Amino acid sequence: MINSKINNPVKINKKNLYITVVVVLAICLITSLCKTFIDVEGTFINDIIPPVVALILSVFAIYIAKKYIKSDFGFTLVNKGPAKLYWLMFVIVWIIYTVFLAIIINDGSASQNIFESNINIGVILQAVMALILSGIAEEVLFRSFAMTTLDSAFISESKNEYEFLGKNYKYNYLTSTAVSVSSVLFALFSIKMVLYPIVININIGQILVLLVMGYTYGYTFYVTKNIFNSMIMNCLIKISPYIAFGFVSLFLR
């Protein structure tokens, strides 16, 4: 169904690779500092400031990178590769995931401090908005910036041929190596760091899940070179628990 043909091995531009990794880690560290030190009364402000800071820094990084890399960084409304089948597969998986969450919530197995029946609707909307901002910031940083700049770090001397459902697509697709590296950075972003005192909380299960999710989002961007596809996917996954909770509240209780 899908065949990728690369005639020559990929060469590594170490300078671009190191710059990309350092910039991504710096933005992640600044975001962690925001979570650690910003303590404004009201959870909405606490939740919304880190993704906004990450988004601003990521856009600035893209602005600088555009001076050296000729790319739209995925900010286009046109898919430059097949997207319908990927969306179909994602929607099926997303529906199954959301229904699974709804079943857990309806059985009363979900954490009560998150899914309380008397929770204010305004609080839910604020949480959903913070999650959407977080999803947007993650995609701009890890896919739009990181994958595009990593693509300039992994150089192939030949053009990539991409065959999908019998059709050949001869676009300059991002390499699978760039997808993998950005997915690892995305997963490491989940590590919680508190500087005073120094505490590093590593959740191996969460990292593995984020590796899979990061590769899914990254591969979608790899194929379509349209950041809005992976952005919508990320946001849908993040707000799935609230969609499931709303469905249970409206129809099953």
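The values are calculated or read from the model by the stated rules, or taken from the named source; none is laboratory data. Treat the numbers as computed from the prediction; the structure is a model and nothing was measured. All Cβ positions, even for glycine, are placed from backbone atoms using ideal geometry, and neighbour counts span all protein chains on display.
List of remarks:
- Filtering the range 226-245 to residues that are small (Gly, Ala, Ser) and more than 15 Å from Tyr97 (Cβ to Cβ) leaves only Ser230.
- Every residue from the range 78-87 that is exposed (fewer than 12 other Cβ atoms within 10 Å of the Cβ) and in contact with a Phe, Trp or Tyr (Cβ under 7 Å, 6 or more places away or on another chain): none
- For the range 130-156, the set of residues classified as acidic (Asp, Glu), under 17 Å from Ile19 (Cα atoms) and within 16 Å of the chain's Cα centre (by Cα) is empty.
- Of the set (1) farther than 24 Å from Pro82 by Cα; (2) modelled with pLDDT under 65; (3) more than 18 Å from the chain's Cα centre (by Cα); (4) of a type outside the set (Lys, Arg), all apply to Leu252 but (2).
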